[in-house]
DNA sequence: TATTGAGGAATTTTT
DNA sequence: TTCCTCAATA
């Protein structure tokens, strides 16, 4: 370990870096040099004689892992250390110990679109009505259970009320469907490995002696499954180092349990705890605001933010007429910074929801400001990309029925719904997978001659494609694209087809990059890797373009100049996330994360009117603006019409819809619970619940048909009876 | 079997 | 507004 480097560290940092055996908790505030501490720690471990092979570092995103690999490599010989995300680690483990885990190693990883198809199927198979049991809600509930390591069998035993029993049926069936298709969803990856480690002492022994030192970053965002997994891995040796900041926990909705980090010292009583409270990143004004904001959270451990920088910096708040004016102002200011020779890569704009990038993009294009929207997964959701990937998935895992159904008639080859249904029925009655049934399509008596010919032709196509699928992925993808007829189907279809061809070209380039970087490129490995892609992974640290991203994607990054837009009640905090106090605190932490990304200047803005889902709505400033302790923003200001009046409300009312043409809308008709109403299609019903949210009010009605429906008041066309 | 159109429902953050 | 599903029609 380089002495000069060690000398640069503060005493706390050094303490964390040099700690050798036993548990270690690093409570690190924003900008405290946490990443540096971790990389130095890896280097120090190697220095003290630990083989890199025995070190496992877990990061939050693949991007972070890649960065850590590079930084660690720059400090010394750390090649061979396993640095990846929880999910990637699980994929590796499951492939290696597939048999012990009761799965096949060529499993597909099901993303949320695939999951939703499977859960719909499960709901249907259970004879339930999709409207009363919305697949999305079921999926959510199943995901929560899996994150808590409650598998289908365990849940069946404890399910008592009606909803739970129904859910239990769906859960069980859903897992069956996944198993039949040799598919695992994101949560399965964690759950399977956690159970494997806890129940199979041989596997656990092997893995924990391989990974003698475990380092986990962003520990505040681990969920229960990850927690148990890590604990099982580290239990034999106790060499676990967790780093994180409870104030930056922003994934509760995904099952992250902030108690994991708060209770670390209980789990590991002999743990050494190091606090890194000095902030090397931000200017004083930013830190004061951040500190004042986060102090409002009651559910936290007191932690100071100590400024190290002595320059002042600037925090400003701006009000604009609407989102277009807001976006325009941001673009203008970015342009001005560029004119002052600020590198574009030092500028970022954050927002709460992805939809808000649209207005920004338009403004940036207009002002000719170079930018990148950090949204990697979107690319993989494009139709043409999903189509091509579906072919590749079927080649890697023939049992993957979701993928097979996607491509069986894409491009159209005359195999319609009726035929598919018949083959599926054939498969079920003969105990075959769909692809097995397809392979013997000429024996399916239920299908007419013409349709059978087409099925056989498709089956032959798959056989042909399957012939040579080892080795590099890019040439394979290219071949599949051509021979499947996909390429042909996009040619001559105008601009859309051109775009699709270009996107596929991008995909093939990305695959080529994978081939370059992978030690042993294989189709299976490639597919399993890209399934775990996140938005942040698409961020290119370039100096040439400003970055536009959600607040969630901003985690772990830093910029000289940061803009956060849409500081409005209902947006930030988001209305869906400000139900109970815990949710509001999480929204506050999310804002805190955004604020603390800024090194020098921070500009916050809101719009007085915002178009939300096609509606022009009056907004109210975010309560968070008053919590920053800024002089210019005080809740006591008298509201004045016509100017930046928003700081006037000490108790901001909910957003109210105001139509431009008719601002004075007559009072809403009352739909109090108990009210009898009539609906055009559902007939008579009684109001059960009424959530007053202006134009977005939701009425829950129990109809005489026995169905209960939640309707958006403005569209439902309800009449009182 | 493929395509079109009407009508209903839903709008957060992501490994 | 936009997506999705279902049913009618080519």
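Every number here is computed from the coordinates shown, using simple stated rules; none is lab data. Here the structure is a predicted model, which is why all the values come from computation and not from measurement. Heads up, the Cβs are rebuilt from the backbone with ideal geometry, glycines too, and the neighbour counts pull from every protein chain shown.
Annotations
- Here the range A:326-441 yields Rg over Rh of 1.30, to two decimals, using C-alpha coordinates and the Kirkwood radius.
- Over every Cα atom in the range A:400-558, the radius of gyration and the widest Cα-Cα span, Dmax, amount to 19.9, 63 Å.
- Using a cutoff of 8 angstrom between alpha carbon atoms and counting only pairs six or more residues apart, the relative contact order for the range A:228-342 works out to 22 percent.
- Fewest-first ranking of A:41, A:413, using other Cβ atoms within 10 Å as the exposure measure: A:413, A:41
- Cα shape, the range A:10-72, gyration tensor, a/c 1.5 rule: oblate
- Panel order for A:40, A:316, by other beta carbons found within 10 Å of each beta carbon, from fewest to most: A:316, A:40.
- With the helix formula -39500 (n - 2.57) applied to DSSP H stretches of n ≥ 4, chain A reaches a computed 222 nm mean residue ellipticity of -13500 deg cm²/dmol.
- Residue order, fewest to most beta carbons within 10 Å, for A:483, A:67: A:483, A:67
- Dividing the C-alpha radius of gyration of the range A:21-169 by 2.2 N^0.38 Å, with N its residue count, gives 1.44.
- Calculated diffusion of the range A:339-403, Stokes-Einstein form, Kirkwood radius summed over Cα pairs, 4 °C and 1.567 mPa s, µm²/s: 86
- Enclosed volume per residue, in Å³, of the convex hull spanned by Cα atoms of chain A: 194
- Orientation-averaged projected area, Cα convex hull of the range A:400-441 (nm²): 2.8
- Packing rank of A:433-446, A:182-195, A:244-257, where each peptide gets the mean count of other beta carbons within 10 Å, highest leading: A:182-195, A:244-257, A:433-446
- Per-selection metrics, the range A:116-259 (Cα): Rg and Dmax in Å: 17.1, 51
- Over the range A:481-568, volume per residue of the alpha carbon convex hull, in Å³: 181
- Relative contact order (%) - criterion: Cα under 8 Å, at least six apart; region: the range A:370-506: 23
- Computed P(r) (all Cα pairs; the range A:269-324; 10 Å bins; percent): 19, 35, 28, 14, 3, 1
- Taking every alpha-carbon pair under 8 Å whose residues sit at least 6 apart, chain A reaches a relative contact order of 14 percent.
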